[in-house]
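J.: Got a structure for you, written out below as structure tokens; questions coming shortly.
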Amino acid sequence: MTLRADDLASAGLIEPERLDEIRRVAEEFSVAVTEDMAALIDPGDDRDPIAAQFVPSAAELAVAGEELADPIGDQRWSPVPGIVHRHRDRVLLKPTLLCPVYCRFCFRREAVGKMPAMLEPAALEQAYAYIRERPEIWEVIVTGGDPFVLAPRRLASIVRVLDEIPHLGVIRFHTRVPVVDPGRVTAALAAALTAEKAVYVVVHANHLRELTAAAKAAVTRLVRAGIPVLAQTVLLRGVNDDAAVLEALFRGLVAMRVKPYYLHHADLARGTAHFRTGIAEGQRLVRSLRARASGLCQPTYVLDIPGGYGKVPLAASAAAPDSASGGWTIEDGDGGRHAYPPDPANAKE
Ligand code: SF4
């Protein structure tokens, strides 16, 4: 059973005297916590990283001047309902705005969980027509909301339509379901994703504790169905803004056959300032991570530029031009500096 704002006190996740505060937040932004995530929360720990992600707080009512209702500029690039076409070769398709949980830092928090929650059949047909008519579109990213809340029959229908569009090469699903509501990833759901084209699944996970036995079983069902699985993570103060925490998460994902793909700098969504780190802090963390863990455990640290200008990598370059030599100075993972190419006089025999 999914917990809503009014259930959080009786479930022991908040003190009853906080109910008014939670209700005020719920008037602005959707609230839902799945049983799987509620079971992970330690109510005695006021810094619990799972509670921080799903249990609302009054901090969300404070809106910083730089925060935006549409922080990554989806609306600017939405030619028809349910489609975002920001980059020439790919589109987002949003068949639903429902999610199994509502993350307190969500970049689409103004829309998710609100009505109309489903794309009407006529609008879905219009979205398909938009994709069919544009041969430059190579990839469709099915997102939302969370497309894995749809019944397998509906997912199969989306996959079937997209699979028949000749110019598409890839169908990619973005979802939090395998982690936060893993019981939904049934054999029927995995079978619904079967296609001639490449189907990828990108799961959203932010902390090692989310990688429960049930989450691993859900991912295994997808992997055994032949679906490559990647992960995206949001860098969040109080949840994973620590190199050891990120290292443990990414090692955990790789060990369950999931490749960490993106580490997102938290977006400027309204009421989320308490989650955001600075960019310099993020750069220090990813540099430290590079020194600690295998290349398989290194996602690309990215920022979605506010206003809809797309994603860009943020990690500081290890290479700086050296005007004296005309070559480069390269910094290793421990901060040591090396000339490139090396001075032949110092070359090892
Ligand atoms: S699952 Fe994704 S879209 Fe849904 S609330 Fe969380 S971050 Fe937002």
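J.: Based on the alpha-carbon set only, what is the convex hull volume of region 257-349 divided per residue, in Å³?
T.: Measuring per residue, one finds 157 Å³ for the Cα hull of region 257-349.
J.: With all protein chains present, how much of the accessible area of region 279-349 (probe radius 1.4 Å) comes from carbon and sulfur, to the nearest whole percent?
T.: Accessible surface attributable to carbon and sulfur in region 279-349 totals 55 percent.
J.: Next question, about the same structure. Ordering LEU61, LEU235, LEU19 by accessible area with a probe of 1.4 Å, largest first, what comes out? Could the numbers behind the result be given before it?
T.: Details: LEU61 65, LEU235 0, LEU19 30 Å².
Descending order: LEU61, LEU19, LEU235.
J.: Dividing the convex hull volume of the alpha carbon atoms of region 112-202 by its residue count, what do you get in Å³ per residue?
T.: 94 Å³
J.: Once the Cα gyration tensor of region 73-145 is found, what semi-axes does its equivalent ellipsoid get, as square roots of 5 times the eigenvalues, in whole Å, sorted largest first?
T.: For region 73-145, the semi-axes come out at 22, 14, 10 Å.
J.: Calculate how large, on average over all directions, the projected area of the Cα convex hull of region 1-158 is; give the answer in nm² to one decimal.
T.: Working: hull surface 42.9 nm².
If I average the Cα hull's projected area over directions, I get 10.7 nm².
J.: While we're looking at this one, here's another question. Above 11 Å lies some portion of the pair distances; for region 23-64, what is it as a whole percent of all C-alpha pairs?
T.: 67 percent
J.: How big is Rg to Rh over region 1-86, alpha-carbon atoms, Rh as the Kirkwood inverse-mean-distance radius?
T.: 1.08
J.: Roll a 1.4 Å probe over the protein chains and send me the accessible area per residue for region 228-329 in Å².
T.: Normalised by residue count, the accessible surface of region 228-329 is 44 Å².
J.: Hey, what does the equivalent ellipsoid look like for region 224-271, semi-axes from the Cα gyration tensor as sqrt of 5 times each eigenvalue, largest first, whole Å?
T.: Listed largest to smallest, the semi-axes of region 224-271 are 23, 15, 7 Å.
J.: Can you pull the three principal axis extents for the Cα set of region 190-259, in Å, largest first?
T.: Result for region 190-259: principal-axis Cα extents of 41, 22, 15 Å.
J.: Largest first, please: the extent of the C-alpha atoms of the chain along each principal axis, to the nearest Å.
T.: Cα spread of the chain along its principal axes, largest to smallest: 69, 56, 41 Å.
J.: Before anything else, pin down the relative contact order of region 1-119: Cα pairs under 8 Å, at least 6 apart, normalised by residue count, whole percent.
T.: It rounds to 25 percent for region 1-119.
J.: For the cross-link pairs LYS197/LYS259; LYS114/LYS216; LYS94/LYS311; LYS259/LYS311; LYS94/LYS114; LYS216/LYS259, which exceed 24 Å when the distance is taken from alpha carbon to alpha carbon?
T.: From LYS197/LYS259; LYS114/LYS216; LYS94/LYS311; LYS259/LYS311; LYS94/LYS114; LYS216/LYS259, over 24 Å: LYS114/LYS216.
J.: Based only on Cα atoms, what mean projected area does the convex hull of region 163-280 have, in nm²?
T.: 8.7 nm²
J.: Then there's this: Accessible area per residue for region 63-142 in Å², computed with a 1.4 Å probe and the full protein assembly in place, what is it?
T.: Each residue of region 63-142 exposes 46 Å² on average to a 1.4 Å probe.
The values are calculated or read from the model by the stated rules, or taken from the named source; none is laboratory data. Please read all numbers here as calculations on a predicted model, not as lab measurements. What goes into the accessible areas is simple: the full protein's heavy atoms, side chains included, and nothing from ligands, DNA or RNA. Shrake-Rupley method; radii C 1.70, N 1.55, O 1.52, S 1.80 Å.
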